[in-house]
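The values are calculated or read from the model by the stated rules, or taken from the named source; none is laboratory data. Model, not experiment: these values are computed from the prediction. We place every Cβ from the backbone using ideal geometry, glycine too, and count neighbours over all the protein chains shown.
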Amino acid sequence: MKLNLKKPIAFFDLETTGLSITKDRIVEMAVLKIHPNGLKESKTWLVNPTIPIQKEASEIHGIKDEDVADKPTFKEIAKQVDDFMSHSDIGGFNSNRFDIPLLVEEFLRVDIDFKVEARKFVDVQTIFHKMEQRNLSAAYNFYCGKTLENAHSAEADITATFEVLEAQLDRYEDLENDINYLSEFSSHNKNVDVAGRIVYNDKEVEVFNFGKYKGQSVESVLKSDPGYYGWLLKGDFSLHTKKVMSEIRLRSINS
């Protein structure tokens, strides 16, 4: 089943130096942009992360320090990436929990505010896990009847991810072919920040999703415990989480 698109959707995948959203960096990025008329565009970048690639990460994606030593840094390609993904919704595999937060973190490091508010995020892994409970290679075999060659190559993974989503729409009649629906269905929470540290509760109030104040209003906590804000800013939280928290605090002060 062809995706019912009202605007482009950019499927993307990252290969990184490790698994930390705040400390690790991108070494490869691939984007497959699907337009409402069916046109497909793709771009792949190898990136010099400026920090060593962890051995465990290299063993998975096959990229070593010497492979990217002469490649551009993310700062050098950031505008190209931002322009290519502009005005698009976002699709990926485990993207809501890892790829999107890490990508936003990379953008914020180079002072580019990658807009997330107007975008819908479709996480194909979440749909898969809700329906079948497997991984990408198994999903590709299960839904598409194919073997995923060159797994953990960013370009191969995004192509498989796109094909799996279309096959999911064919298989499940109760899955609506609508990006708004798929975005909501593939989200575990209604996130305020892309890392999901702050979420909306059922009353559309921003609440903490971790720690001793989990479930409590961010605005009320920052008023009752001003020191918590300072602790968060110094802590190992993503730049986007800190940005969102600062915006909530500023709004509260000005209200």
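For the stretch 67-82, check the following and say yes or no: at least one residue is under 25 Å from Asp111 (Cβ atoms), under 15 Å from the mean Cα position of the chain (by Cα) and part of a helix (DSSP H, G or I).
Yes, the stretch 67-82 contains a residue that is under 25 Å from Asp111 (Cβ atoms), under 15 Å from the mean Cα position of the chain (by Cα) and part of a helix (DSSP H, G or I).
Got a number for residues in the stretch 242-255 being surrounded by 11 or more Cβ atoms within 10 Å (Cβ to Cβ) and not in a helix (DSSP H, G or I)?
So the answer is 0.
If we scan the stretch 65-77, do we find a residue that is on the phi > 0 side of the Ramachandran plot and at pLDDT 95 or above?
No; the residues of the stretch 65-77 include none that is on the phi > 0 side of the Ramachandran plot and at pLDDT 95 or above.
Inspect the stretch 92-109 for any residue being closer than 19 Å to His152 by Cβ, in a strand (DSSP E or B) and in the same structural domain as Asn135 (by TED's automatic domain parsing) and give the result as yes or no.
Yes, the stretch 92-109 has at least one match.
With the checklist (1) assigned to a loop (DSSP other than H, G, I, E, B); (2) touching a strand residue (DSSP E or B) at 6+ places or on another chain (Cβ under 6 Å); (3) without any contact (Cβ under 8 Å) to a residue 12 or more places away in the chain; (4) not small (Gly, Ala, Ser) in hand, flag the one item Lys212 doesn't pass.
(2)
Look through Ala30, Ala78, Ala69 and report the one residue that is over 23 Å from Pro101 (Cβ atoms) and either free of Cβ contacts under 8 Å to residues at least 12 places away in the same chain or assigned by TED's automatic domain parsing to the domain that holds Val104 (or both). Explain how you work it out, then say what you get.
Values: Ala30 fails: over 23 Å from Pro101 (Cβ atoms); Ala78 fails: over 23 Å from Pro101 (Cβ atoms).
Within the list Ala30, Ala78, Ala69, the selection yields Ala69.
Output yes when any residue across the stretch 201-209 is surrounded by fewer than 18 Cβ atoms within 10 Å (Cβ to Cβ) and at positive phi, and no when none is.
For the stretch 201-209, residues surrounded by fewer than 18 Cβ atoms within 10 Å (Cβ to Cβ) and at positive phi: present.
On the basis of being over 20 Å from the mean Cα position of the chain (by Cα) and either modelled with pLDDT of 95 or more or more than 24 Å from Ile179 (Cα to Cα) (or both), does Ser58 make the cut?
yes
Conditions tested, residue by residue: (1) touching a helix residue (DSSP H, G or I) at 6+ places or on another chain (Cβ under 6 Å); (2) over 21 Å from His240 (Cα atoms).
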site	(1), (2)
Val27	yes, no
Pro49	no, no
Gly62	no, yes
Asp65	no, yes
Phe74	yes, no
Val81	no, no
Ser95	no, no
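Among His152, His129, which is the only one that is modelled with pLDDT under 95 and assigned to a helix (DSSP H, G or I)?
One residue alone meets the criteria, His129.
When you look at Asp99, is it closer than 18 Å to Ser238 by Cβ and either among the polar types (S, T, N, Q) or modelled with pLDDT under 95 (or both), yes or no? Explain how you work it out, then say what you get.
Details: closer than 18 Å to Ser238 by Cβ: yes; either among the polar types (S, T, N, Q) or modelled with pLDDT under 95 (or both): no.
No, not satisfied.
Exactly one of (1) buried (at least 17 other Cβ atoms within 10 Å of the Cβ); (2) touching a residue at least 60 places away in the same chain (Cβ under 8 Å); (3) over 19 Å from the mean Cα position of the chain (by Cα) is unmet by Leu239. Its number?
(3)
Let me confirm something: among Ile112, Ile51, Ile63, Ile21, which residue is crowded, with 22+ Cβ neighbours inside 10 Å, touching a residue at least 12 places away in the same chain (Cβ under 8 Å), over 15 Å from the mean Cα position of the chain (by Cα) and part of a loop (DSSP other than H, G, I, E, B)? Spell out how you get there, then give the answer.
Details: Ile112 fails: crowded, with 22+ Cβ neighbours inside 10 Å; Ile51 fails: crowded, with 22+ Cβ neighbours inside 10 Å; Ile21 fails: over 15 Å from the mean Cα position of the chain (by Cα).
Step by step, each of Ile112, Ile51, Ile63, Ile21 is checked, and only Ile63 is crowded, with 22+ Cβ neighbours inside 10 Å, touching a residue at least 12 places away in the same chain (Cβ under 8 Å), over 15 Å from the mean Cα position of the chain (by Cα) and part of a loop (DSSP other than H, G, I, E, B).
In the stretch 207-248, how many are charged (D, E, K, R) and touching a Phe, Trp or Tyr at 6+ places or on another chain (Cβ under 6 Å)?
Residues in the stretch 207-248 being charged (D, E, K, R) and touching a Phe, Trp or Tyr at 6+ places or on another chain (Cβ under 6 Å): 1 in total.
Sort through Asp170, Asp225 and tell me the only one that's surrounded by fewer than 20 Cβ atoms within 10 Å (Cβ to Cβ), over 22 Å from the mean Cα position of the chain (by Cα), closer than 30 Å to Met1 by Cβ and not basic (Lys, Arg).
Asp170
Residues that are among the hydroxyl-bearing types (Ser, Thr, Tyr), closer than 23 Å to Leu19 by Cα and not in a loop (DSSP other than H, G, I, E, B): does the stretch 192-203 have at least one?
Scanning the stretch 192-203, I find no residue that is among the hydroxyl-bearing types (Ser, Thr, Tyr), closer than 23 Å to Leu19 by Cα and not in a loop (DSSP other than H, G, I, E, B), so the answer is no.
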